[in-house]
Each structure stands twice: as structure tokens, then as C-alpha cells.
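Novice: Submitted below is the structure of interest, expressed as C-alpha cells.
The numbers here are math on the coordinates, done by the rules we state, and not lab data. Just so you know, these numbers come straight off a predicted model, no measurement behind them. As a convention, Cβ positions derive from the backbone with ideal geometry for all residues, glycine included, and neighbour counts pool all protein chains shown.
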Amino acid sequence: MINMRRIWFVLIAMFTSLGVLAQSSKHDEIAQKVDSVMNRMTLEEKIGQLNQLTGDGEVTGPVTLNQDYQQQIRQGMVGSMLNVNGAEYTRKIQKIAVEESRLGIPLIFGYDVIHGYKTIFPVPLGESSSWDLEAIEKASRIAAREATAAGQHWTFAPMMDISRDARWGRVMEGAGEDPYYGSKVARARIRGFQGEDFSKANTMLACAKHYVGYGAARGGRDYNTVDMSMRRLHETFLPPFKAAIDEGVATFMSSFNELNGVPVTGSKELVQDLLKDQWGFDGFIVSDWGSIQEMIPHGVAADKYEAGDLAMNAGIDMDMEGHVYIEELKNLLNDGRISEAQINEAVRRILTKKFELGLFEDPYKYCDPEREEQELLSEENRAFARKSAQKSMVLLKNEGVLPLSKDLGNIALVGPLVQADEEYIGTWSARGEGRHVVNVMEGFRNKLGDQASLTYAKGASFTGQSKEGFDEALQKARQADAVVAVVGESAMMSGEALSRMNIGLPGLQQELVLELAKLDKPLVVVLMNGRPLAIPEVDEKAPAILEAWLPGTEGGNAVADIIFGDYNPSGKLTASFPYDVGQVPVQYEHKNTGRPKVEGQRYTSQYIDGPNKPLYPFGYGLSYTSFEYSRPVLNKQQINFDETLRVQVDVKNTGERAGEEVVQMYVRDLVGSVTRPVKELKGFEKIALEPGQTKTVTFKLRADDLAFYTRDMEYKAEPGEFKVFTGSSSEDVQSASFKLRR
Ligand code: BGC
């Protein structure tokens, strides 16, 4: 027996080292190939590799020169294109690079494949509410399969900016407010896009963006300045980026914002020193669109020359549609402001990825019209988009209204989102099209056939103050057995450059819902939106609320699945929904203060006109069944720094339906050298339970999990007393205590 075990160990060790050897020899081989290409390159051609231009697709910033990019490709002045789409078209453009430029170096095509390419999944904030990492990974896998068939090598995703400000339009693109959960989601998305092997024709490079702090834009206004402590930066905003490196992410994108006075795109400290030198990131870093030259209006560079100087010395390898590197690097080199070694280093990083993708062997392998035809919007992909949408939806309230019976005779569907196909796919929807969307009206029809009579009234618009549509909507609602109001934000109300200062239901939609609520009919409010909304009045008056987000191509089917009980909702919020925009930023992870709120006591930390807590907290979401939690049971009351604490909790399905529950674990360090949050998420597990079934969930905690940036900015755990909480949301928890000792 012992001998067998020994043999296994030896064999495993052998295979592991063979694997490592194979990897390092592949690495060496690519390094040699890169050298041999670089030996033949002129300085101009090298600088060309650092230049990324936009094609004819979505343009998200100023196009600085209205130049002929094809001519520049021919001249070897372009290393990468973004916004060039489709198997045929990318082939055509690639052909120019490969056949008409002097060295024939293939281009790398990048695109914002954020929540699907043609088959669109829920917006990322919605998708993150599934707490289902496998499903999240799979959606990215499908997006990569579609995008690569259509010629793309590289997605500018995932966005991993933590944000605690619902005003910011780009909360829709991330995974919410929490760094622990955000890191897990970032890794799942990277795994999905990149797969195991870049050289496969259906995997693509991912991009960790936007490095860093972009989600903390002052006032929630996009592109605005960011000012935060280094402790906050390291504890909350950097972890997903570090996790991305651990997951092997291929590229990074530097953000638009300044951080504590220095635009990140020009920050040697954050890019070169931390990301490349300290963390050892060996892929390449692209600027955000024009973010190099935006250092001029930021006010740290007088002109493009100085902006290029800052960016190159910060370690930015590729200039996205800024034309700074192509215009200025040679001058900077001649003046000794930058070195040739720096240029070579950037070129090397980019060419390495081109080799890893296999582009030198077959520059056209991603441009495959046949695969494109089969892959895009395939039945399988659509089926998964439906699953993904189901999993993302969060039941916010249900006073016995849901699920609706399929036998209802007459259902009124009211609201501007009932059949607004274009809105369902949100912004950043790549090549997704409204005409492929199944809207809620169609979803209901698919579910009920001719069995029920479905009436429709728009009722209200996203903007304006007109009540013109109210009468028709109320009349149809009066005649119905149940009313479903589909309200929220249009696609163009969340995403880049789409910040809002008012985060309620836009237009007169809230008034419409409140009027409908007065009719005393079974009323279900279905919300579609790309950010947390402040909707306390709707919460007070509507008996049932389902958060459906901007749910993507199969959104209407998924809504119908939940409303009629074919899918039991299992999503939980990953961003707190405030009562009012005045509470922002509001998140579960906050400090206690020296005067924590005491009800009725004036001189404690609170508002005089509303609660401190959000309307719906992080981790919150209901089900059609109910779950009962035991208290957390610990295997020890004390652990040493090298021991593991086991935290066990029993969860029982006490209702009548099978259901899924996201079991959550939080900790609090009671006394530290610096103040610590009242709760921090440290574990979660999504479990499925049959009616009456109980499962025991076991979490593990080690000293490493309790580490933070101490008074001396050292990352470590401190001995002392801790609380551990388990439960169904960040607020609905039970606790136990333990000690960490030396
Ligand atoms: C956005 C990036 C995006 C880029 C390319 C920029 O405006 O901030 O997230 O990847 O455009 O489209």
C-alpha cells in the first residue's frame, strides 16, 4: 500500500515536472520566435505594433484623425484594430497586414464582448446576481466561441471595477460592490473567455479593466476624479485585478481616471511598479480609448509629447486610438526621455500574445464564416442565455402573488419595457440585435399559448411627464385577472457616459405603478435596469417585485419562466439598493464609527429623514420556497495562525418547492490596529434543496482569510476576537465568536 502511494507520488511529480518543462519550453520557443521577428523590425515598425486604431464599429470616444487605417496597416503602422467585425471583414483587413505590409505581422482584433457577442446574456451586474460561477464562466465561454468565430482575438472584458455608487452608469458592467465576490466573478469570466489554451480558435484574450479605481468616480459621474486612501485602494479596488493575474489574464486596460492626482495611465507607481514589477504581470497593457492624450486635459501633460512620455514611462504598452505613441515615441527616444529597451519590451509583450494565439501560423484561423454561421445565436447558445437570465433575476418582494397561475384568463401587461426589444440587450451588447430578443409579451405567449388573453398598454415613457397613456393602462388593468408592469430604465440609461443623478424609476413610471397598485389586483412589478434603483414607494405598494435587469436575448422567456413558476428564483443582489440617492455610497461593508446609530438617540451616526440601511441589502433575494438556517457551529473556539476553522451551518428547505439558496458567510474583526468593517464576505455556496431537505454547508477560515492592511500597511491578520456570521443575506445572519491567537 505504502509502496503504491510512493509510486503514485513519483509518477505525479514526474508528470507535473514534464508539464512545467513542456510549458517552459513552449515559452522559450515563443520567446525565440519573438526575437527573430524583432530582429527584422525597424523602429517605426516596432512603434507601429504599439498602435491600436478603431475600425468602423462602435466608437466610444473622439476619433482623433479621420485617417485611412488600411493605408496605415500597409505601412506597418498598426499592431491592433478594435471595432472591426465579422469573419469576412476581419479576414479582409488581416490580409492587408499579412500580405501587404513589409513584414506581414498579423493584427490582433479587439472588441468589447462584455455580455455576449450575438447571443446576449444579462448585463454583467445582473449576471453576477446568480452567484453561480459555473454559469458565469459558461456565458463568457459562449461569448468567446461566438466572437472568435467572427474574427475576434481579444475581448475588453471583464470589467472588474468595484463600485458602490449606483449613479455611475457603469455599475451595470461589473459584479457589484464586494471585492471578495468581485474577484471570484472576474476569475470565472476570465476562465470562460480564455479557456485553457490561446492557440485554440475558440478562445480569446481577456482584459482586466479598468485599472484602477474607475468605479469610485466622484459623484458617480463618469470619467470623474478619484481620491481615496491607499488602504481603501488595496483592500477594496485592487483585489479583483490581483485575482485576474492569478487567473492568468492576458491583458490589462488602464483607466481614464486620475487617482489621488495622477491619471492611472501615467502612473508608474501603479502600472510599472505594482502591476508589472511587484505582481509580475507579463501580458500587455492597453490604454483606455485616448486615455494617454487625455492626460493633457487632466493637466499633467502640456501636449502629446509629454503625455507619451508619462504613459511609456508608466509602462503602458499599447495606445488605444490616441495616436500619441505613433506620433511621439520616436521624438521621445531621440531626446532620451524613453529608451529603446522600453519600446522593445512593449513590442515583445504584444508579439508574444500574437504568437500564443497562433496568428503567425494561421492569421485567418479566427475568421471562419462557416463557424460563424453555426455558432452565432445557435439554439444551444440561446438556451443558455435563457438559463443565465433565469439565474440572474432577483425576487425582491412577494406577498403571495407569485408565481401566477397559468390558468388566469386575462393578464394585462403594462409599461414601456413589455415589448421594447432593443432595450433588453442593454449597452455594450456587441453585435446583439433587438430583433432577436424574446420580449415579455412573447415570453408570456410562448408560455401560455392561446390559453390566456394578454392585453398591452405602454402606460408611460422613460422620460417626460405625460400621463397620456395612464387611462388606457388602468382600463386594461381593471379588466384583467392579474397585472404585470414591466418598468425600469432604457438601455441607454446605464453603461458608459450614462450616469444619473436621480436613481428612481425614470419618467412617470413610478406614478403609473402606484396607480396600478390602487386597483387591488394581483400586481407584479418586473424591473429592468442596469443599476440599483431607489424605489421605496414601489416596495411599499406593490405586492410582488422581480428584478429582471436588462436580461438579454432570452429575457422575456426567462421572466415568464419565473412568473409562472417554472423556475424558482435564486438570485441575490450583489449591490445594495438604497432608499434614496442621498444614502449613496451605501454598502453592507462599512465601519462601525465611534457613534454607531442608536434608534432615538440624536448624537449617533444617522440621517434624520431616513434609515442608514439600504432598502434591499447585498446578498438579498427571495425564493418561492423558504429556508431555515441553524446557528453557525464552529469546530474550535480558538485557532492558531496555521490552523483552519470550520464553520458549519444547516440549511433546511421548509417550503413546498425545490429551490436554490446562496448561503453566505461574513466575518468581523472586533479590534484591530485600524478600524475594521462590521462585516466582510468570506465565503458562499449555492445549494439546491428539495422540500424538507437539509444540507450542511461547511466553510473554512484561515488566518490568511482574516488578513488586511494593518496600521503599518502590512497585509496580515492580527490576533484577537472575531465574529463569524452565516445566513441568507448580509443582514439576515446569525453569529458565533472565535479567537485567533499566536
Ligand atoms: C471604454 C472601454 C472600452 C473602450 C473600447 C472606452 O470608452 O471605457 O471600456 O473597452 O472604450 O471600446
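Novice: Mind jotting down the distance between the C-alpha centroids of the stretch 444-511 and the stretch 294-328, whole Å?
Specialist: What the calculation gives is 46 Å, centre to centre.
Novice: How high is the relative contact order of the stretch 146-305, in percent, counting Cα pairs under 8 Å that sit 6 or more residues apart? Let's see the in-between values first.
Specialist: Details: 291 pairs, mean separation 36.3, N = 160.
It comes to 23 percent, rounded to a whole number.
Novice: Related question: Per residue Cα convex hull volume for the stretch 570-708, in cubic angstrom? Could the numbers behind the result be given before it?
Specialist: Numbers: hull volume 20.1 nm³, N = 139.
Here the figure is 144 Å³ per residue.
Novice: Multiplying the sequence separation of D282 and N331 by 0.36 nm and subtracting their Cα-Cα distance, what value in nm do you get?
Specialist: Numbers: separation 49, 0.36 × 49 = 17.64 nm, distance 2.68 nm.
Value of the extension gain: 15.0 nm.
Novice: Can you give me the Kirkwood hydrodynamic radius for the stretch 33-371, using every pair of distinct Cα atoms, in Å to one decimal? Walk me through the numbers on the way to the answer.
Specialist: On the way: mean 1/r = 0.0507 Å⁻¹.
Over the stretch 33-371, the inverse of the mean reciprocal pair distance is 19.7 Å.
Novice: Just order 548-558, 417-427, 732-742 by mean Cβ neighbour count inside 10 Å, highest at the front, would you? Mind showing how you got there, number by number?
Specialist: Working: 548-558: 30.4, 417-427: 24.5, 732-742: 15.0.
Output ranking for 548-558, 417-427, 732-742: 548-558, 417-427, 732-742.
Novice: Only four residue types carry charge here, +1 at the Cβ of Lys and Arg and -1 at the Cβ of Asp and Glu. Report the dipole size of the chain about the Cα centre in Debye, rounded to the nearest 20. Show your work: numbers first, answer last.
Specialist: Numbers: 84 positive and 104 negative charges, 425 e Å.
That gives a dipole near 2040 debye.
Novice: With a 10 Å radius around each residue's Cβ, average the other Cβ atoms per peptide and rank 677-690, 131-144, highest first. Write down the numbers at each step before the final one.
Specialist: Details: 677-690: 18.3, 131-144: 23.1.
Averaged packing, sorted descending, gives the order 131-144, 677-690.
Novice: Check every DSSP H run in the chain and write down those whose alpha carbon atoms cover 27 angstrom or more along the long axis and whose mean Kyte-Doolittle hydropathy is -1.0 or greater.
Specialist: Details: long enough: 2-39 (55 Å, 0.35).
Membrane-span-like by this rule: 2-39.
Novice: Another question, then. Given the options G248, V440, A707, identify the residue whose Cα lies farthest towards the positive end of the charge dipole of the chain (+1 on Cβ of Lys, Arg; -1 on Cβ of Asp, Glu).
Specialist: A707
Novice: Under a plain spin-label model, where a point goes 7 Å from the Cα along Cα-to-Cβ, how far apart in nm are E690 and T463?
Specialist: 5.5 nm
Novice: Here is a follow-up. Just check the stretch 464-551 against the gyration tensor rule for me: Cα atoms, a ≥ b ≥ c as the square roots of the eigenvalues, rounded for a/c under 1.5, and otherwise prolate or oblate depending on whether a/b exceeds b/c. Intermediate results must be reported in sequence, preceding the final value.
Specialist: Details: a/c = 2.09, a/b = 1.68, b/c = 1.25.
Here the stretch 464-551 falls in the prolate category.
Novice: May I ask for the Kirkwood hydrodynamic radius of the stretch 579-652, worked out over all distinct Cα pairs and given in angstroms to one decimal? Don't jump to the answer; show the numbers that get you there.
Specialist: On the way: mean 1/r = 0.0610 Å⁻¹.
Averaging 1/r across every pair of different Cα atoms and inverting gives 16.4 Å.
Novice: Between R221 and R741, what is the label-point separation in nm under the 7 Å Cα-to-beta-carbon projection?
Specialist: 5.5 nm
Novice: Turning to a different aspect of this structure: For the stretch 378-581, what does the alpha-carbon gyration tensor say about shape, rounded, prolate or oblate, given a ≥ b ≥ c as the root eigenvalues, a/c under 1.5 as rounded, and a/b over b/c as prolate? Walk me through the intermediate numbers first.
Specialist: Details: a/c = 1.36, a/b = 1.04, b/c = 1.31.
The shape class here is rounded.
Novice: Relative contact order of the stretch 637-705, please, whole-number percent, based on alpha carbon pairs below 8 angstrom and at least 6 residues apart.
Specialist: Details: 117 pairs, mean separation 33.1, N = 69.
With pairs under 8 Å counted, the relative contact order is 48 percent.
Novice: Continuing with the same structure: Place the peptides 525-531, 441-447 in order of packing, highest mean first, counting for every residue the other Cβ atoms within 10 Å and averaging per peptide. Each step should come with its number before you reach the end.
Specialist: Details: 525-531: 28.3, 441-447: 18.9.
Listed from highest to lowest mean packing, they are 525-531, 441-447.
Novice: Going by Cα centres, the stretch 548-565 and the stretch 724-740 are how many Å apart?
Specialist: Computed from Cα coordinates, the inter-centre distance equals 33 Å.
Novice: Okay, next question. Considering all alpha-carbon pairs of the stretch 627-741, what whole percent are spaced by more than 21 angstrom?
Specialist: 38 percent
Novice: Taking Rh as the Kirkwood radius computed over C-alpha pairs, what is the Stokes-Einstein D of the chain at 37 °C in a medium of viscosity 0.692 mPa s, expressed in µm² per second? Write down the numbers at each step before the final one.
Specialist: On the way: Rh = 27.2 Å.
D, rounded to a whole number, is 121 µm²/s.
Novice: Something else: As a footprinting exposure proxy, order D28, D288, D246 by other Cβ within 10 Å, with the fewest listed first. Intermediate values should be presented prior to the final figure.
Specialist: Values: D28 10, D288 26, D246 13.
So the residues, fewest neighbours to most, are D28, D246, D288.
Novice: Additional query: Please give the contour-minus-distance gain from E721 to N39: 0.36 nm per residue of separation, less the Cα-Cα distance, rounded to one decimal in nm.
Specialist: Details: separation 682, 0.36 × 682 = 245.52 nm, distance 6.04 nm.
Length gained between E721 and N39: 239.5 nm.
Novice: Determine the relative contact order of the chain: mean sequence separation of Cα pairs under 8 Å and six or more apart, normalised by residue count, in whole percent. List each step's numbers first, then the result.
Specialist: Working: 1796 pairs, mean separation 93.9, N = 742.
Relative contact order here is 13 percent.
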